[in-house]
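Asks: I am attaching a structure below and will ask some questions about it afterwards.
Nothing in this text is a laboratory measurement; each read-out follows from the coordinates by a stated rule. Here the structure is a predicted model, which is why all the values come from computation and not from measurement. Here the Cβ positions follow ideal geometry from the backbone for every residue, glycine too, while neighbour counts run over all protein chains shown.
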Amino acid sequence: MRSLPKVDRLLERADIVALAEAHPRAVVTDAIRETLDAVRAEILSGMRDELAEDDVAAAVIDLVELKSTRSLRRVINATGIVVHTNLGRSRLAREAVAAVAEVAGGYSTLEYDVASGERGSRHSHVEALICKLTGAEAAMAVNNNAAAVLLGLAGLARGKEAIVSRGQLVEIGGSFRVPDVMAESGATMVEVGTTNKTHLSDYEKALTPATGLLLKVHTSNYRVVGFTEEVTLSDLVGLAAGHGIPVMEDQGSGVLVDLRKWGLPYEPTVAESIAAGADVVTCSGDKLLGGPQAGIIAGKWHVIAALKKHPLARAIRLDKMTLAALEVTLRLYLDEDLARRDIPTLSMLSATKESIAERAVRLADEIGRACGDAYLAGTSEDVSRAGGGAMPMEDIPTVVVAIVPQRMSVTELEVRLRAADTPIVARINADRLLIDPRTLTLGEEAEIVAVLAALVER
């Protein structure tokens, strides 16, 4: 114990002095004490006899670097899951990133009308764009789709009954369920139909003087197949109109264009639901729409006007950075070809198998040149996924780089890639590490090669 260096002694070392110049002194001092405590505990337990001062200093430096690493940072998504919820869902377009940086680094027109010199509305930055793209009379955006649904239910059906099909009681990631959101809104849920079949007559029989809303939920993260039937939105609107009841649809994924033109499966668009007569349609901004986390609410003017004034609206409103990213993303949709090219989610989903195969071959060749015989790297046909609770039944054909490490197990390689300065998240299948170029930028491919080569050198 006496051989262990004192805190003051360590603070005087040149390497620790340099460390304290790059990091807060309090962090360095705490790391020294924490390291010395750990060494003392190991000596007392018989795990070690002593530890040289240089080794203690090295451990302190490692600990400070570890503690100073940001928790939220960029990762390289090599999984082929385009809208990867755990990895931040959709990547933003370059233009959206630039807009975020601009408003974050200074003051902005968040709630200021430069023409009049008076207070403006933060809704104005995206409302006209949403209306143009969807055909809605009015619109607003909140911090996610769950918040959008909560606000819609609270504003339209608090203290009343909301009728929903039993087959549409969706659970999204993190165990958030439609019944729970409805309970928090103050609405009373009335289930109709069965898991696989719901008829218009089921809704009609459930109508009472207490009915405040008919709710339709798009099952964006699962499908009920086989002997099934559900009521169309237009039929619900027709039923509701005869009783003076509003209809709300939670569309989930947030599709603004017909994806079939790019070889992808059909997903209902917000515009289709607005055209069918829904009073309110909600969707996510960071799923298939390809923007930042947001909940978009579009619909009839009088309904949206009431929701803007609801007390919940302030609690779930968007900040300036999200609004900046959402506005730019929506502007790209004014030209669908531009949207497909510049919005990463759309460009990755619609990339052809042939174009991905070319990238996979190049990446496998580069790994071979940089790493020699440390890895067997080839290509293999596989499938990508939309992810984010969207297109649950769709396999998107792709070609992956399949890596078989020769000097470590595939599990160890996967762990080491995740431990890189910029973590690389890949998949393991049949004792091979799979890298799907679909979710990579060209620059990230070079980063992967560099990390794999560095592992060989070690």
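Asks: For region 304-458, report the % of Cα-Cα distances exceeding 18 Å.
Replies: Numbers: 7982 of 11935 pairs.
Of all Cα-Cα pairs in region 304-458, 67 percent lie more than 18 Å apart.
Asks: For region 320-371, what class follows from the C-alpha gyration tensor (a ≥ b ≥ c being the square roots of its eigenvalues): rounded when a/c is under 1.5, otherwise prolate if a/b is larger than b/c, else oblate? List each step's numbers first, then the result.
Replies: Numbers: a/c = 5.32, a/b = 2.19, b/c = 2.43.
Oblate is the answer for region 320-371, as a/c is 1.5 or above yet b/c matches or exceeds a/b.
Asks: What Kirkwood radius, in Å to one decimal, follows from the Cα pairs of region 263-393? Could you put the intermediate results ahead of the total?
Replies: Working: mean 1/r = 0.0551 Å⁻¹.
The answer is 18.1 Å.
Asks: For Cα pairs less than 8 Å apart in space and 6+ apart in sequence, what is the mean separation divided by the residue count of the chain, i.e. the relative contact order in percent? If you can, show how the numbers build up before the last one.
Replies: On the way: 817 pairs, mean separation 87.0, N = 458.
It rounds to 19 percent for the chain.
Asks: Within the chain, how many Lys pairs sit with Cα atoms under 15 Å apart, leaving out pairs fewer than 8 places apart on the same chain?
Replies: Values: K132/K300; K197/K216; K300/K308; K300/K309.
Within the chain, the lysine pair count is 4.
Asks: Roughly how compact is region 391-448, stated as its Cα Rg over 2.2 N^0.38 Å to two decimals?
Replies: On the way: Rg = 12.5 Å, N = 58, 2.2 N^0.38 = 10.3 Å.
Cα Rg divided by the expected 2.2 N^0.38 Å: 1.21.
Asks: Follow-up question, since we're still on this one. Quick one: what Rg and Dmax do you get for the chain from the alpha carbons, in Å?
Replies: For the chain, the Cα radius of gyration and maximum Cα-Cα distance read 27.2, 88 Å.
Asks: Sort 5-16, 24-35 for me by packing, meaning the mean count of neighbouring Cβ atoms within 10 Å per residue, highest on top. Working shown, then result.
Replies: Numbers: 5-16: 14.4, 24-35: 16.8.
Put in order of decreasing packing, that is 24-35, 5-16.
Asks: Let me ask you something else. Among rounded, prolate and oblate, which fits region 302-345 when a ≥ b ≥ c are the square roots of the eigenvalues of its C-alpha gyration tensor, a/c under 1.5 means rounded, and a/b larger than b/c means prolate?
Replies: Cα axes put region 302-345 in the prolate bin.
Asks: Here's another thing I want to ask about it. Exposed loop sites here are chymotrypsin sites (Phe, Trp or Tyr not before Pro) in DSSP loop states with at most 12 other C-beta atoms within 10 Å. What is the longest stretch of the chain lacking them? Provide the component values of the computation, followed by the final result.
Replies: Details: sites that count: Y107, Y222, F227, Y266.
Looking at the chain, 267-458 is the longest stretch - no exposed chymotrypsin sites (Phe, Trp or Tyr not before Pro) with at most 12 other Cβ atoms within 10 Å.
Asks: If I fit a long axis through the Cα atoms of helix 442-457 and take the longest principal axis of the Cα atoms of the chain, what angle between them do I get, 0 to 90°, rounded to 10?
Replies: The helix 442-457 is inclined about 30 degrees to the chain.
Asks: Any chance you could give the angle, 0 to 90 degrees and rounded to 10, that helix 53-68 forms with the longest Cα principal axis of the chain?
Replies: The helix 53-68 is inclined about 10 degrees to the chain.
Asks: Quick one: give the max-minus-min coordinate of the C-alpha atoms of region 204-288 along each principal axis, largest first, in Å.
Replies: Per principal axis, max minus min of the Cα coordinates gives 45, 29, 19 Å.
Asks: Can you give the local net charge around R341? Use residues other than it whose beta-carbon is closer than 13 angstrom to its beta-carbon, Lys and Arg +1, Asp and Glu -1.
Replies: Taking every other residue near R341 into account, the sum is -3.
Asks: Less than 9 Å Cβ to Cβ from S121, Lys/Arg counted +1 and Asp/Glu -1: what total charge do the surrounding residues give?
Replies: Numbers: positive: R119, R122, K308; negative: E111, D113, E127.
With Lys, Arg at +1 and Asp, Glu at -1, the net is 0.
Asks: Work out how far the C-alpha atoms of region 82-160 reach from end to end along every principal axis, then list the three figures in whole Å, largest first.
Replies: 44, 40, 24
Asks: Quick one: net charge of A31's neighbours, Cβ under 12 Å, K/R +1, D/E -1?
Replies: So the surrounding residues net to -2.
Asks: Okay, moving on. Whole number please: convex hull volume per residue, Cα atoms of region 50-92, in Å³. Mind showing how you got there, number by number?
Replies: Details: hull volume 4.7 nm³, N = 43.
Output value, Cα hull per residue: 110 Å³.
Asks: As a test of the formula, what do you get for the chain when each DSSP H run with n ≥ 4 contributes -39,500 (n - 2.57) and the sum is divided by the residue count, at 222 nm and rounded to the nearest 500 deg cm²/dmol? Could the numbers behind the result be given before it?
Replies: Details: 19 runs with 198 residues, N = 458.
After summing the helix terms and dividing by the residues of the chain, the value is -13000 deg cm²/dmol.
Asks: Post the alpha-carbon centroid distance, region 416-458 to region 33-98, in whole angstrom.
Replies: Region 416-458 and region 33-98 have Cα centres separated by 18 Å.
Asks: Please report, in Å, the Rg and the Dmax of region 94-342, where both are computed over Cα atoms only.
Replies: That works out to 18.2, 60 Å for Rg and Dmax.
Asks: How much of the calculated P(r) for region 7-68 lies past 14 Å, in percent of all Cα pairs? Before the final figure, lay out the partial values.
Replies: Numbers: 976 of 1891 pairs.
Of all Cα-Cα distances in region 7-68, 52 percent exceed 14 Å.
Asks: Does region 417-458 come out rounded, prolate or oblate, given a ≥ b ≥ c as the square roots of the eigenvalues of its C-alpha gyration tensor, rounded meaning a/c under 1.5 and, failing that, prolate meaning a/b above b/c?
Replies: Values: a/c = 1.76, a/b = 1.10, b/c = 1.59.
Judged from the Cα gyration tensor, region 417-458 comes out oblate (a/c at least 1.5, b/c at or above a/b).
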